[in-house]
Amino acid sequence: MNNPRASVFDEPSDIDVSGFAPKSTADTRAPAAQEVRAVAERANFRSREAAPTHIAATSPKRAARRFRTGRNVQFNVKALQETVDAIYAVSEDQGWVLGYTLERAIAALQRELETAT
């Protein structure tokens with residue numbers, strides 16, 4: 001521990017890098033790629049390559065919806081795809097933002113529950 005660490009500010013002339021060079025020939029001791037693949041398959045080795053992702057064809061990509069409404073609270077729910085499609089369809093048909101559609105749906109549900117009691 002008597003040797004001080006090299007400083008990044010030292011002049012590069014005192015560093016000898018002549019021993020570093022790219023390999024001139026391929027490594028002859030390395031097994032062939034087919035042999036490695038066969039050994040991996042026999043050992044049930046699981047590849048680390050990502051599996052291809054499949055996007056469900058039932059939910060098409062919607063256009064971006066950006067409105068300035070003053071609503072600033074996020075509300076996330078899990079719902080059936082049909083329900084999500086229906087709320088988007090109503091919003092788009094009426095030209096409403098999703099928050100307003102939700103407000104209207106809640107108001108209608110409250111009216112329905114009041115008349116049911």
Residues (in a helix (DSSP H, G or I) and touching a Ser or Thr at 6+ places or on another chain (Cβ under 8 Å)) located in the stretch 85-115 = Asp85, Ile87, Val90, Ser91, Gln94, Leu98, Gly99, Tyr100, Thr101
Considering every residue within the stretch 3-25, establish whether at least one is surrounded by 10 or more Cβ atoms within 10 Å (Cβ to Cβ) and at pLDDT below 80.
-> no
What are the residues in the stretch 75-117 that are within 15 Å of Arg62 (Cα to Cα) and open to solvent by 100 Å² or more (accessible area, probe 1.4 Å), if any?
-> Glu82, Glu92, Asp93
Pairs only if they're at least six apart or on different chains, beta carbon under 8 angstrom, first in the stretch 96-117 and free of Cβ contacts under 8 Å to residues at least 60 places away in the same chain, second open to solvent by 100 Å² or more (accessible area, probe 1.4 Å) and part of a helix (DSSP H, G or I); list them, first residue then second.
-> Trp96/Arg104; Thr101/Gln94
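The values are calculated or read from the model by the stated rules, or taken from the named source; none is laboratory data. In this text, all values refer to a predicted model and were calculated from it rather than measured experimentally. Using ideal geometry, Cβ is built from the backbone for each residue, glycine included, and neighbour counts are taken over all protein chains shown. Quick note on the areas: whole protein, heavy atoms, side chains included, nothing else; ligands and nucleic acids left out. Shrake-Rupley method; radii C 1.70, N 1.55, O 1.52, S 1.80 Å.
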